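Let me begin by handing over the structure; questions about it come next.
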Amino acid sequence: LDADTPAKPDGYYGLSKAFGEQLASFYSDRHGIDTVALRIGSSFPEAKDRRMLVTWLGYDDLEQLIKRALFVPKVGFLIVYGASANRDSWWDNSKAARLGFAPVESSEQFRAKVESVPPLPADDAAGWYQGGAFVKAGPFGDETWLNGDKAR
């Protein structure tokens, strides 16, 4: 995925993020307000699961990303993914170069610990939606609606 891929929120959290990005885009187009939308993966002291091995953003990289988003001039409206230099990635973050963002941390230091724990069951939505555990906080109190088992 890259920043130009149409948003397809997989939960309420993602929906609120997509709305915020659209609002920022509107104000950039209408009033020329420079805005960087940060799609932060998982910023914790360490990657806790297989999903976070892909999405992890170390604190030093997070600090660098925020500073660059705040102080690089004339960005217009820009969407950038917040992830460290992890071995695996779901995202094409080439637009981050416009900010000069160059992550230096990696989730590899946590791989052995994470992979020593059995993976999530194949039917657990947290394992196959980018929103992870957030998608399980759906309107029906469980994740069965994600599999089409309940009316939407």
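The values are calculated or read from the model by the stated rules, or taken from the named source; none is laboratory data. As the structure is a computational prediction, the values presented were derived from the model and not from experiment. Ideal geometry is used to build each Cβ from the backbone, glycine not excepted, and the neighbour counts take in all protein chains shown. Heads up: the accessible areas ignore ligands, DNA and RNA and are worked out on the full protein's heavy atoms, side chains in. Shrake-Rupley method; radii C 1.70, N 1.55, O 1.52, S 1.80 Å.
Wrap a convex hull around the Cα atoms of segment 44-123, take a quarter of its surface area, and give that in square nanometres.
Values: hull surface 24.4 nm².
Mean projected area for segment 44-123: 6.1 nm², to one decimal.
Follow-up question, since we're still on this one. Under 14 Å from the Cβ of Val72, count the other residues' Cβ atoms, weight Lys and Arg +1, Asp and Glu -1, and hand me the total. Can you show the working numbers first?
Values: positive: Lys67, Arg68, Lys74, Lys95, Arg98; negative: Asp34.
Taking every other residue near Val72 into account, the sum is +4.
Within the chain, what whole-number % of the accessible surface is contributed by carbon and sulfur, with the 1.4 Å probe and all protein chains included in the calculation? Could you put the intermediate results ahead of the total?
Working: 5360 of 9240 Å².
Its accessible area is 58 percent carbon and sulfur atoms.
Return the lysines within reach of Lys113: Cα separation strictly under 25 angstrom, same-chain partners fewer than 8 residues apart disregarded; answer none if there are no such residues.
Leaving aside lysines fewer than 8 places away in the same chain, those within reach of Lys113 are Lys48, Lys136.
Let me ask another. In what sequence, largest accessible area first, do Tyr59, Tyr81, Tyr129 appear using a 1.4 Å probe?
On the way: Tyr59 120, Tyr81 15, Tyr129 60 Å².
I get Tyr59, Tyr129, Tyr81, largest accessible area first.
Counting only residues 5 or more places away or on other chains, whose amide H sits under 5 Å from the amide H of Ile40 once H atoms are built in the peptide plane?
Counting only residues 5 or more places away or on other chains, the set is Gly82.
If you average the sequence gap of Cα pairs under 8 Å that are 6 or more apart and divide by the length of segment 15-68, what percent do you get for the contact order?
Working: 31 pairs, mean separation 12.5, N = 54.
Relative contact order, segment 15-68: 23 percent.
Could you give me the ³J(HN,Hα) list for segment 67-82, computed from phi with Karplus coefficients 6.51, -1.76, 1.60 and θ = phi - 60°, whole Hz, x at Gly and Pro?
Each residue's phi maps through the Karplus curve to give 4, 5, 5, 7, 10, 6, x, 6, 9, x, 10, 9, 9, 9, 8, x Hz.
Amide H to amide H, which residues 5 or more places from Asp10 or on other chains are under 5 Å from it, using H placed in the peptide plane?
Result for Asp10 returns Leu15.
Sorted by accessible area (1.4 Å probe), largest first, how do Lys17, Lys67, Lys113 line up? Show your work: numbers first, answer last.
Values: Lys17 75, Lys67 105, Lys113 130 Å².
Heavy-atom accessible area, descending, gives Lys113, Lys67, Lys17.
What accessible area per residue comes out for the chain, rounded to a whole number of Å², with a 1.4 Å probe?
Working: 9240 Å² over 152 residues.
I get 61 Å² per residue for this part.
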